[in-house]
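Chemist: First the structure, then my questions, so here it is.
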Amino acid sequence: MTVMLATIMEVLDTSVCNVALPHIAGNLSVSPDEATWVLTSYLVSNAIILPMGGWFSMLFGRKRFYMICVALFTVSSFLCGLAPSLGALILFRTLQGIGGGALQPMSQAILVESFPRHKQGMAMAVFGMGVVLAPIIGPTLGGWITDNFTWRWIFYINIPVGVLSVMLTSVLVHDPPYLVRRSFRDGLRIDYFGFGLLALGLGSLEVVLDEGQRDDWFASKFIVVFSALAVVCLISVVFWELRQEHPIIDFHVLKNRNFALGTGAMFMLGIVLYASTALLPLLLQTLLGYTAMLSGLVLSPGGLVVLCAMPLVGVLIHRIEARWMVIFGVLLSASGLLIMSRFNLYIDYNTAMWSRIVQSAGMAFLFVPISTVSVVLIPKERMNYATGLFNLARNIGGSTGIATAVTMLARRSQFHQQRLIEHLTPLDATYRQMISGTARVFQIHGSSLPDATAQAHGLLYGSVLRQASMLAFTDTFRVMAMLFFLVIPLMLLVKKTGPARGPVSME
């Protein structure tokens with residue numbers, strides 16, 4: 001529970017700001033496009049620090065580094081709430097991302113090493129409640145706080161949680177004896193070149209994913225330049241770090257087949273989890289007229305299902321091989337997405353809620369088994385490096401999923417609109433009949449004939465736009481389901497480890 005506090009706080013801040021952006025833009029007198037850098041700055045700094053937790057743990061000691069991160073996250077949250085301008089808010093959000101970036105992998109490493117193998121399943125289940133539930137409740141919580149207080153309180157709520165986390169960590173968390181600290185006097189050197197390549201590569205990638213659709217992707221020189229930087233730097237950092245004695249990121253852990261396949265599966269899970277969590281509230285609010293609170297109530301039962309199912313998964317993982325649980329979870333979650341792919345403009349609340357429940361139930365069977373499969377064969381002294389790469393895959397997957405979903409919505413909406421208007425011509429008898437009938441209704445309510453005709457055309461065009469948008473949403477849900485099925489062949493290639501029935505060495 002100690003390490004889960006900080007993790008929930010950090011994961012919440014990746015999504016809780018989304019609904020508050022219009023309020024932030026209005027309060028700080030900036031455009032909505034400029035306000036999106038509040039999200040981008042956090043994601044960029046978060047991604048840069050995520051895989052570096054192992055190196056910093058070796059330098060400072062893991063407990064001390066963890067407490068530094070929680071303290072930095074808490075202080076920068078307070079400063080974000082006080083920010084007088086957009087520039088100051090972006091600076092403090094960058095510091096917040098630096099503090100929060102290492103919290104997820106450090107928390108996971110602490111849990112894996114604190115429990116014997118036969119208890120790791122339940123420990124990861126409790127931890128997974130926070131990791132999976134936080135993105136689900138984030139938009140709802142952010143909307144409620146913004147509507148009832150001000151946007152600054154979405155940052156202030158982190159302060160008591162952060163203070164409590166630091167206090168509990170200082171008492172309950174300890175460094176294991178095999179985690180040897182290295183100092184500069186012992187020959188430890190800072191890999192400046194590797195750090196620079198990593199920071200520039202991951203930073204550029206996050207900028208491309210976050211700003212790509214807004215700038216029309218490769219039609220923008222800005223996106224082309226950052227894409228080139230991302231490709232060159234990320235390829236270079238792999239070759240550079242493999243040759244270093246004390247690497248910032250230890251890519252050698254990817255030689256473990258289970259870890260490499262599990263990291264790929266977690267990347268796909270990030271795509272679907274974050275994309276679907278962003279898509280469903282957007283559909284409900286823009287096309288069906290739901291309020292932010294009501295759309296949150298559609299998602300909330302799915303979160304409750306995750307809370308109830310995670311402990312069950314923690315028990316079952318002792319009896320069932322993890323990869324079969326992952327395949328079951330993929331099939332169940334993809335079924336929920338396929339139900340969403342059959343939505344129309346007339347669905348009721350229960351239809352939307354139950355489709356989300358099915359999808360969330362599948363998610364509950366994914367996080368813990370994938371984590372178990374991935375790290376069970378990793379030596380303990382390299383666990384910090386492994387969990388950093390593992391969580392980076394989920395976060396990059398989340399950014400990729402949201403970028404893919406937003407782009408698909410825009411492109412498929414244009415495609416369906418073009419197809420739907422092919423029959424909206426005066427030469428079509430049904431079209432003429434509909435315009436004349438609708439115009440007569442407006443005339444009955446007092447409009448002149450020219451005004452009534454214009455209103456009829458406007459009503460029909462609005463209907464076309466809504467239908468085209470709905471078809472784009474269903475296409476995107478269908479693609480997300482198809483992408484999810486790619487996890488199944490990855491799991492079939494995983495080396496069999498068997499259910500964890502008793503104490504087994506991880507080495």
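Chemist: What's the Kirkwood radius of region 261-378 in Å, using all Cα pairs?
Modeler: Numbers: mean 1/r = 0.0671 Å⁻¹.
Final number for the Kirkwood radius of region 261-378 is 14.9 Å.
Chemist: Next question. Just to confirm a number: summing +1 for Lys and Arg and -1 for Asp and Glu over residues other than residue 494 whose beta-carbon lies under 11 angstrom from that of residue 494, what do you get?
Modeler: Working: positive: 257, 323, 495, 496; negative: 321.
My count for the surroundings of residue 494 gives +3.
Chemist: By per-residue mean of other Cβ atoms within 10 Å, what is the highest-first order of 409-415, 267-273, 385-391? Don't jump to the answer; show the numbers that get you there.
Modeler: Numbers: 409-415: 15.9, 267-273: 24.6, 385-391: 27.3.
Peptide ranking by packing, descending: 385-391, 267-273, 409-415.
Chemist: Just need log10 I(q)/I(0) for region 357-450 at q = 0.21 Å⁻¹, Debye formula, equal scatterers on the alpha-carbon atoms, no solvent, rounded to two decimals.
Modeler: Calculated log10 I(q)/I(0) at the listed q: -1.09.
Chemist: Rule-of-thumb check for region 265-308: C-alpha Rg over 2.2 N^0.38 Å? The partial results should precede the final answer.
Modeler: Details: Rg = 11.9 Å, N = 44, 2.2 N^0.38 = 9.3 Å.
Computed over Cα atoms of region 265-308, the ratio equals 1.28.
Chemist: At 222 nm, what helix-only mean residue ellipticity would the chain give, in deg cm²/dmol to the nearest 500, using -39500 (n - 2.57) for each DSSP H run of four or more?
Modeler: On the way: 22 runs with 379 residues, N = 507.
Mean residue ellipticity at 222 nm (helix-derived): -25000 deg cm²/dmol.
Chemist: In addition: Express in Å², to the nearest 10, the accessible area of residue 252 obtained by rolling a 1.4 Å probe over the protein heavy atoms while all chains stay in place.
Modeler: Roll a 1.4 Å probe over it and residue 252 shows about 60 Å².
Chemist: On a 1.4 Å probe surface of the protein chains, which of 349, 66 comes out largest in accessible area, and what is the full order?
Modeler: Per-residue accessible area, sorted high to low, gives 349, 66.
Chemist: Please state the charge dipole magnitude for the chain, taken about the Cα centre, from unit charges on C-beta atoms (+1 on K and R, -1 on D and E), reported in debye and rounded to the nearest 20. Each step should come with its number before you reach the end.
Modeler: Values: 33 positive and 25 negative charges, 248 e Å.
Magnitude of the dipole: close to 1200 debye.
Chemist: Another question about this same structure. Less than 14 Å Cβ to Cβ from residue 238, Lys/Arg counted +1 and Asp/Glu -1: what total charge do the surrounding residues give? Present the calculation step by step, with values, prior to reporting the outcome.
Modeler: Numbers: positive: 243, 255; negative: 191, 241, 250.
Net of charged neighbours comes to -1.
Chemist: Highest mean first, what order results for 337-346, 37-46 on Cβ atoms within 10 Å?
Modeler: Numbers: 337-346: 17.1, 37-46: 23.0.
With the highest mean Cβ count within 10 Å placed first, the list reads 37-46, 337-346.
Chemist: Next question. By the scheme Lys and Arg +1, Asp and Glu -1, what is the net charge of all other residues having a beta-carbon under 14 Å from that of residue 227? Could you put the intermediate results ahead of the total?
Modeler: Details: positive: 221; negative: 206, 210, 211, 215, 216.
For residues surrounding residue 227, the net value is -4.
Chemist: As an exercise, use a Förster radius of 56 Å and the Cβ-Cβ distance of residue 432 and residue 153 to find the FRET efficiency, rounded to the nearest 0.05. Walk me through the numbers on the way to the answer.
Modeler: Values: r = 55 Å, r/R0 = 0.98.
Here the calculated transfer efficiency is 0.55.
Chemist: Still on this structure, I have one more. Which order do 114, 374 take by accessible area at a 1.4 Å probe, largest first? Show your work: numbers first, answer last.
Modeler: Working: 114 75, 374 0 Å².
So, going from the largest accessible area down, we get 114, 374.
Chemist: Counting only protein chains, not ligands or nucleic acids, how are 65, 442 ordered by accessible area (probe 1.4 Å), most first?
Modeler: On the way: 65 15, 442 55 Å².
My answer, sorted largest first, is 442, 65.
Chemist: Between residue 307 and residue 354, how high is the FRET efficiency from 1/(1 + (r/R0)^6) when r is the Cβ-Cβ distance and R₀ = 25 Å? Nearest 0.05. Intermediate results must be reported in sequence, preceding the final value.
Modeler: Numbers: r = 17 Å, r/R0 = 0.69.
So the FRET efficiency works out to roughly 0.90.
Chemist: In square angstrom, rounded to the nearest 10, how much accessible surface does residue 215 have for a 1.4 Å probe?
Modeler: Looks like 50 Å² after rounding.
Chemist: Now a separate question. Using θ = phi - 60° and the Karplus curve 6.51 cos²θ - 1.76 cosθ + 1.60, what whole-Hz ³J(HN,Hα) does each residue of region 441-451 get, with Gly and Pro shown as x?
Modeler: Going residue by residue, I get 4, 5, 5, 4, 8, x, 7, 6, 4, x, 5 Hz, with x marking Gly and Pro.
Chemist: From the phi angles alone, apply the Karplus equation (6.51, -1.76, 1.60; θ = phi - 60°) to region 468-475 and give each ³J(HN,Hα) in whole Hz, x where the residue is Gly or Pro.
Modeler: Coupling constants for region 468-475: 5, 5, 5, 4, 5, 4, 5, 4 Hz.
Chemist: Given a 1.4 Å probe and the protein chains all in place, what does the accessible area of residue 8 round to, in Å² to the nearest 10?
Modeler: 50
Chemist: For the chain, restrict the atom set to alpha-carbon positions and state the Rg and Dmax in Å.
Modeler: When restricted to Cα atoms, the chain yields Rg and Dmax of 24.6, 89 Å.
Chemist: So, for the chain, what is the accessible surface per residue at a probe of 1.4 Å, expressed in square angstrom? Can you show the working numbers first?
Modeler: Details: 21510 Å² over 507 residues.
Result: 42 Å² of accessible area for each residue.
Chemist: Report in % the part of the accessible area of the chain that belongs to carbon and sulfur, leaving out ligands and nucleic acids; probe 1.4 Å.
Modeler: Numbers: 14640 of 21510 Å².
C and S fraction of accessible area: 68 percent.
Chemist: Hey, how much of the P(r) for region 201-335 falls beyond 19 Å, as a percent of Cα pairs?
Modeler: On the way: 6382 of 9045 pairs.
Of all Cα-Cα distances in region 201-335, 71 percent exceed 19 Å.
Chemist: A follow-up question, please. Given 4 °C and 1.567 mPa s, how large is the Stokes-Einstein diffusion coefficient of region 323-388 in µm²/s, with Rh as the Kirkwood radius over Cα pairs?
Modeler: On the way: Rh = 13.6 Å.
Approximately 95 µm²/s, per Stokes-Einstein.
Chemist: Further, regarding this structure: Output wanted: per-residue J couplings in Hz (rounded whole) for region 400-407, from phi through Karplus 6.51 cos²θ - 1.76 cosθ + 1.60, θ = phi - 60°, x for Gly and Pro.
Modeler: Each residue of region 400-407 in turn: 5, x, 5, 4, 5, 5, 5, 5 Hz.
The values are calculated or read from the model by the stated rules, or taken from the named source; none is laboratory data. The structure displayed is predicted, hence computed values, not measured ones. Here the Cβ is made from the backbone with ideal geometry for all residues, glycine too, and neighbour counts use every protein chain on show. Surface areas here come from the heavy atoms of the whole protein model, side chains and all, with no ligands, DNA or RNA. Shrake-Rupley method; radii C 1.70, N 1.55, O 1.52, S 1.80 Å.
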